[in-house]
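Notes to accompany the following structure.
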């Protein structure tokens, strides 16, 4: 079987959770004799670093554009980086010639509409994975995503109508989402749709190898420090300035504490905002911005392993693949109560949770994980067992492969989608 994976954006220099999830899906599908092609905007040449190509995918680039007039180049860049509604005339014809047995969109809106139209023309199944959520998105995050449109005219709405972009969730053959809350909201809105709760995965054995020496060599500033680490693209929803503002209070009780932020910036304005906050608070020696590190690299894994704890401060996190990475690396997790974290973490057993509007809640978790080896050891052991049982790469990919096969057989036998009894949310993994 051959599957085409359609992405709205793919730049290895701006690697994030979506790219990691697709990379591991591509790797896992190979265990089930499924070949993958990745279709993404951009030019043909990527240079020497291309993790999806190295994972075994064939990379095909298509020309795309932002159909908005009257905005600056910086606004246009922000739209692309944060979720801009792109359009492509070339993508439809590329997919039509792809030879794919299944088309799997990892984007919504117009790009998903184009891939759905191509799938229908070819007579093959079409599925969508919601990496960033569709309905379970806080208002403040939506506001940041649409802010770059201010002052512009979005003339692409007519193109969206052409490909029925507003109906893709209703018309696709199946929807994968990575948390139960999103699934419930989708089921309420689309009661006849097939909705599958499908978690992401992690190569647990790879993250268990000790890479702390590689991290220390690459980042000697961490020597002798009590490292608090976070892996996240520098994005507004990750709430990084809030986390930086908590560091002075942390250091008042833990003088050797150091915050290590791993991830590339989605836009320069986000990076500048973060650097201004670090400078304002005089934390230049206590915050390390590593930039983007390759997924699964020794430096990335080693930094997570070197930390006293792994922290998430996101205002929105539909899943939180980095939680799995921390678990596999043997580092305890303290996370804000996003829908993704709530679906993964059993508070007090596999990690700790806190409310963003309750700073004392956050600092209690910091103190517990900084000071108590007993708590850390308990959380590490329980989390390790959970990740090995439920989130291994071949196992997770196998569940996706079975859906592909079911949908393909239904198409071949001319069964209607409604015969699949889509009125129930399909739980494909134990998420609590």
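The values are calculated or read from the model by the stated rules, or taken from the named source; none is laboratory data. Since this is a predicted model, take the numbers as computed values, not measurements. Note that we place each Cβ from the backbone using ideal geometry, even for glycine, and neighbour counts take in every protein chain shown.
Scanning the stretch 23-44 for residues that are buried (at least 20 other Cβ atoms within 10 Å of the Cβ) and in a loop (DSSP other than H, G, I, E, B) turns up just one, 34. Taken as a whole, the condition of being in the same structural domain as residue 29 (by TED's automatic domain parsing) and either buried (at least 20 other Cβ atoms within 10 Å of the Cβ) or over 22 Å from the mean Cα position of the chain (by Cα) (or both) does not apply to residue 245. Scoring residue 334 on the criteria (1) surrounded by 24 or more Cβ atoms within 10 Å (Cβ to Cβ); (2) closer than 21 Å to residue 19 by Cβ leaves a single failure, condition (2). Considering the stretch 369-405, the residues that are farther than 30 Å from residue 175 by Cβ and in contact with a strand residue (DSSP E or B) (Cβ under 7 Å, 6 or more places away or on another chain) include one that is surrounded by the fewest Cβ atoms within 10 Å (Cβ to Cβ), namely 370. Scanning the stretch 86-109 for residues being buried (at least 24 other Cβ atoms within 10 Å of the Cβ) and more than 26 Å from residue 197 (Cβ to Cβ) gives a total of 2.
Please find, among 56, 17, the residue that is surrounded by fewer than 20 Cβ atoms within 10 Å (Cβ to Cβ) and either farther than 20 Å from residue 403 by Cα or not assigned by TED's automatic domain parsing to the domain that holds residue 400 (or both). Of 56, 17, the one residue that is surrounded by fewer than 20 Cβ atoms within 10 Å (Cβ to Cβ) and either farther than 20 Å from residue 403 by Cα or not assigned by TED's automatic domain parsing to the domain that holds residue 400 (or both) is 56. When you scan the stretch 201-217, do you find a residue that is in a strand (DSSP E or B) and either touching a helix residue (DSSP H, G or I) at 6+ places or on another chain (Cβ under 9 Å) or outside the structural domain of residue 303 (by TED's automatic domain parsing) (or both), even just one? Yes, the stretch 201-217 has at least one match.
Name the residue that is surrounded by the fewest Cβ atoms within 10 Å (Cβ to Cβ), counting only residues in the stretch 260-283 that are in a loop (DSSP other than H, G, I, E, B) and free of Cβ contacts under 8 Å to residues at least 60 places away in the same chain. For the stretch 260-283, the residue satisfying everything is 282. Residue 422 falls short on exactly one of the conditions (1) crowded, with 17+ Cβ neighbours inside 10 Å; (2) more than 26 Å from residue 328 (Cβ to Cβ); (3) modelled with pLDDT of 95 or more, and that condition is (3). With respect to residue 302, is the statement that it is buried (at least 19 other Cβ atoms within 10 Å of the Cβ), on the phi > 0 side of the Ramachandran plot, within 23 Å of the chain's Cα centre (by Cα) and in contact (Cβ under 8 Å) with a residue 60 or more places away in the chain true? Spelling it out, it is not the case that residue 302 is buried (at least 19 other Cβ atoms within 10 Å of the Cβ), on the phi > 0 side of the Ramachandran plot, within 23 Å of the chain's Cα centre (by Cα) and in contact (Cβ under 8 Å) with a residue 60 or more places away in the chain. Please work out if residue 140 is closer than 26 Å to residue 178 by Cβ, modelled with pLDDT under 95 and touching a helix residue (DSSP H, G or I) at 6+ places or on another chain (Cβ under 6 Å). It is false that residue 140 is closer than 26 Å to residue 178 by Cβ, modelled with pLDDT under 95 and touching a helix residue (DSSP H, G or I) at 6+ places or on another chain (Cβ under 6 Å). Looking across the stretch 342-361, the residues that are more than 29 Å from residue 255 (Cβ to Cβ) and surrounded by fewer than 24 Cβ atoms within 10 Å (Cβ to Cβ) come down to 342, 343, 346, 349, 350. Of 160, 133, 123, 113, all but one fail to be assigned by TED's automatic domain parsing to the domain that holds residue 94 and modelled with pLDDT under 85; the exception is 133. Consider residue 348 carefully, then state whether it is in contact with a strand residue (DSSP E or B) (Cβ under 6 Å, 6 or more places away or on another chain) and assigned by TED's automatic domain parsing to the domain that holds residue 306. No, not satisfied.
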